[in-house]
Every structure is written in C-alpha cells, then in structure tokens.
Amino acid sequence: MTTYASTFIPGLGEVVTTALKQSLEEYKPQLLLDGLVVYRSTSSMEEVQALRFCNNSFVCLMSFDGLGQNPAARMSRALLADGQLSRRLAPFLPRKKSSYRFVASHANQFVSIPQRTRTSLERLLAGNQRLRPNHSNPDAELWLLSRREGFGFVGLRITQHTAYEKTLAQGELRPELCHLLCLIAEPSAADLVLDPFCGSGAIPLERVRAFPYRTMLTGDIDAKLVKGLRAKTRQLSRKIVIGRWDALDLHTFAPDSVDKIITDPPWGFYRKPHADLGQFHRRMLQEFLRVLRPNGLLVLLVGQPELFETCMRDFAGALRVVKRYDVLVSGKKASIFKIEKPA
Ligand SMILES: C[S@@+](CC[C@H](N)C(=O)[O-])C[C@H]1O[C@@H](n2cnc3c(N)ncnc32)[C@H](O)[C@@H]1O
C-alpha cells in the first residue's frame, strides 16, 4: 500500500472522500483536514494522478504531527537525520533520468528554503544516478508541505496542473470544481442535464467528458460565448445541445422535463453590480423548478449565499435543500447548494 496526500477545494471534504472511496482500490483514510486528505491505497500512482476532483496529489514519503514554529526546518532536520530519502523515493521515480527540486509550503503559501539546508537536502540524493537538481524547470518536485494544524509531510508531487491563471477565461471555473459539482448532482447515464448559464462551458464540458449522460443541454445569453462553446464541442457527441437563451425564460423547455440542473449563475459583481440579484434569483428559481422533474436535482454555485437563502424562502414546499457546502473559489467565499424538487 502507498500513502498518498491530495489537496482539494476547501469545504468539499465529504464529497472528495466519498469519491476517493469509490475511485480507488482499498482506500484507507488516515487524516482529513479542510482542503487536504491523507490516505493509503493499493491503487497505482497513475490512478491517483487521474483523479479529476483533486487539485494536487503527492506520494507521502514521511509525515509529521505536532510541528510547531518553522515546520519546514523541522521536517528538513528529520529528513537529514533519517538519511533514507533516496531509498524511500526509488519506487516512485521514472526509469529515465530526471531532475528535481525541493519546494516548501506552509498554510498554502510558498516558503523559502535556506541555501544551506537546500544543499544538505540535495546531498541526500547526490548518490542517485537518475536524479539531478534543477531549481528552475525540474521534472519532479519534492514538497515539504505543512499546515496550520501542525501536520506536515514530505512528498513527491505526482500531478502537474497547468497554470490556470494562464489558460482559463475570465470567470471560467476550474475543472476540479466542475467535476465536484457534477458529483454532487449524483451523475447517472439516464440524465438529461441542463446548464443554462454555461459561460465558457466548463461545467457541461466536464459533465460530458467525465460521466455518462443521456443529453446535455447548455447555453447562455451571451452570443459570443455560445458561439465559442459550439466551436469547442464540434468534435464531441451529438448528445450535446447548445442554445442561446435567457435562463429566466426557458419557454422551449417542457415542464418537468430535466433530470439535473448544474450551474453557476451570475454572482452579481462581474463587470458591473447586478441591479437586483434577489429578483434575478427568484425568477431563476421559479423557472428551474418549472422545468425540473419531480425528484430532480439542482446544484448551484452561488456567490452571495445569504441573499440566495432569503430568496429560497419564497419557495418553501416547492424545493428542499439537501445540503449547503461553503467553499472558496479563487479565494472568494461562495456556496454550493444541492436542492431537490420534491415529488
Ligand atoms: C458566473 S458565469 C458562468 C461561468 C461558467 N460557469 C464558466 O465556467 O465559464 C454566469 C454566466 O451567466 C450568463 N448570463 C447572465 N444572465 C443570463 C441570463 N439571463 N440567461 C442566460 N445566461 C445569463 C453570463 O453571460 C455568464 O456567462
């Protein structure tokens, strides 16, 4: 069994651990913190790398509890005293020669490693013919990651995400978050799914790439975004239908016709403040509850959850909040609501 650690979007520990249990062989949880889970599994590194709902995953080589002041220094000292880094790392290294660097992070912020410590740590791997240090563009990273709670680990990072700030359009959700939204909506092959505020299409694209479905209906009020999504989906299945519409008036949809709505409606402060977001939410809920079938699910990412909760009070009896998850999206507080339309 290998010990892994995966980071994820804070607030979604319950969804992530359920998904890990379903995705991995012999999943044995060791520790769950907000945004970090440590677990043992017989699944391979490649299987853990392929998990679409985690931010970063690591093979854990050594772990620590009760780290006090200066955790990176304490973990470095322990690594140097142990002297077994090369042996611990060997099973997880690629066959070809590769380069590496040490990275330290505390409470999700990078921390610098003093030059002397770095040199001593690199000496631990100097005898390894397959590894050479490269501080600027290495093939692999060895992390000394610590958390405010006093937990830390030394781990080989096994995922390499693209720098999202360079690749995502403005307002586009990260694929991990879209995947988690889809999981919360209990995906099934029989689903007719709707995202009526699709923007650049991050949610519908993740839904069709990662899960089976019957039909994916998606659209936006913005003609440019709709055109962009049509171009992106040209090579994909015919089961994806893209429209330009006002999500507050989905008159082409029959009542009770949609199994799942998974969406990210306007947060109310993009470009210019929304004139009356409360009124917008009420009209949106009315339309969603009309098109959703009885027992259908609505999963929404909302930027102003308190206002949204107030609006939901007008629909008492017509909807049931199954769960609210408070999350952080690009450093901003937001909430995911899982709502059922009662039969
Ligand atoms: C928060 S963004 C969605 C971003 C999307 N999840 C993504 O990853 O790109 C909200 C979207 O709702 C669209 N929108 C605003 N008002 C709308 C309306 N009345 N009907 C349909 N779409 C609307 C906006 O054009 C914007 O693309």
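Values quoted throughout were computed directly from the atomic coordinates according to the rules given, and no laboratory measurement underlies them. In this text the structure is predicted, and so the values were computed from the model without any measurement. Cβ coordinates were reconstructed from backbone atoms using ideal geometry, including for glycine residues, and neighbour counts include every protein chain displayed.
Structure notes:
- Angle in degrees between helix 115-124 and the longest Cα principal axis of the chain, rounded to the nearest 10: 80 degrees
- Here region 2-165 carries DSSP beta bridges of which approximately 75% are antiparallel, counting only pairs with both residues inside.
- Percentage, to the nearest whole number, of Cα pairs in the chain over 30 Å apart: 44 percent
- Percent antiparallel among DSSP beta bridges (both partners in region 121-260, rounded to 5): 35 percent
- For Gln30, the residues 5 or more places off, or on other chains, whose built amide H falls under 5 Å of its own are Val38, Tyr39, Arg40.
- Separation between Cα centres of region 34-98 and region 117-169, rounded to whole Å: 9 Å
- Residue (of Val193, Gln170, Leu131) at the positive-pole extreme of region 84-196, dipole from beta-carbon charges: Leu131
- If you run the Gaussian network model on the chain, springs between alpha carbon atoms under 10 Å, then out of Arg174, Arg157, Arg132 the most flexible one is Arg132.
- Remark on region 168-340: hydrodynamic radius 16.1 angstrom, per the Kirkwood mean of 1/r across alpha carbon pairs.
- Antiparallel %, DSSP beta bridges [both residues in the chain], to 5: 60 percent
- From most to least packed by mean Cβ count within 10 Å, the peptides 220-226, 114-120 give 220-226, 114-120.
- Ordering Met216, Phe280, Asn295 by the projection of their Cα atoms onto the charge dipole of region 214-312, which places +1 on the Cβ of Lys and Arg and -1 on the Cβ of Asp and Glu, puts Met216 at the extreme positive end.
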